[in-house]
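Here, each number is a calculation from the coordinates, and none is a lab measurement. All figures in this text were calculated on a predicted structure; none of them were measured in a lab. Every residue, glycine as well, gets a Cβ built from its backbone with ideal geometry; the counts of neighbours run over all protein chains shown.
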Amino acid sequence: MNKFFAFLFFGIITISCSKSNLEFENEYETSLRRWEAFKEKSNNSYKYTTYSVSWTGWNTEITITVDQGTIMQVDFIVPQLEQVKRPAEGWSSKIFSEALRKMGYTEEEIEQHEANRTFQTIEWTEDITTLGTHGDYYLRTIDDIYRKAKEEWLVKRAGITNYFESENEGIISRVGSYKEGCMDDCFNGVRIKSIDRK
């Protein structure tokens, strides 16, 4: 009788442990294999660009350059403020202020941005010696993103909607989650615009 209960106990444990708490598990595993193949062919040296979109009209792009698995450089830009695209030579105080006017900012708000020289903070570069100067939330390799996807962003939870897309030739293009009922800038994850060999 004891053997029967021991068998039943271990059988229940095995079944409950094998049930995955990962949403999009098959898609994730397929994409991970594509990433591993890309990583091997590129010698783990690549450039990828993430982007974020806000209801406020502020959009950002961050390009991470990785050499043999190590982050070497980060480039941050605001490519567009609503209808105003970033000039090829970068933002100037004048063009930035014009963009804010088109976005409906008051003259008082614009003067505050000019006084704070906000336009100088919407474009920057970090190299190996200055990484993390503007924070560390963006300091991730693609390996880090796959890891975080599995450990956090794709975990099934009540009240959370998870997303997974792999439109970069099978490699992650969007992964993360939204808290149900959230209205503004609710995406917790990453959107990857492009991944290229270095």
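Some points to look at:
- All other residues whose Cβ lies under 13 angstrom from that of residue 55 are scored, Lys and Arg at +1 and Asp and Glu at -1, for a net of -3.
- Counted by Cβ distance under 12 Å from residue 167, the other residues give a net charge of +1, where Lys and Arg count +1 and Asp and Glu count -1.
- The chain: DSSP helices with Cα axial extent of at least 18 Å and average Kyte-Doolittle hydropathy no lower than 1.0: 2-18
- Cα gyration tensor shape for the range 44-198, rounded if a/c is under 1.5, else prolate or oblate: oblate
- Per residue, the convex hull spanned by the Cα atoms of the range 106-182 amounts to 174 cubic angstrom.
- Pairs of C-alpha atoms in the range 59-143 farther apart than 20 Å represent 43 percent of all such pairs.
- For the range 47-85 versus the range 100-150, the gap between their alpha-carbon centres in whole angstrom: 9 Å
- Loop sites in the range 18-121: GluC sites (Glu not before Pro), DSSP, at most 14 other Cβ within 10 Å: 82, 89
- The smallest convex shape that holds all Cα atoms of the range 24-85, its convex hull, gives 111 Å³ per residue.
- Partners of residue 102 within straight-line reach, counting lysines whose Cα lies under 23 Å from its Cα and excluding those fewer than 8 residues away in the same chain: 85, 94.
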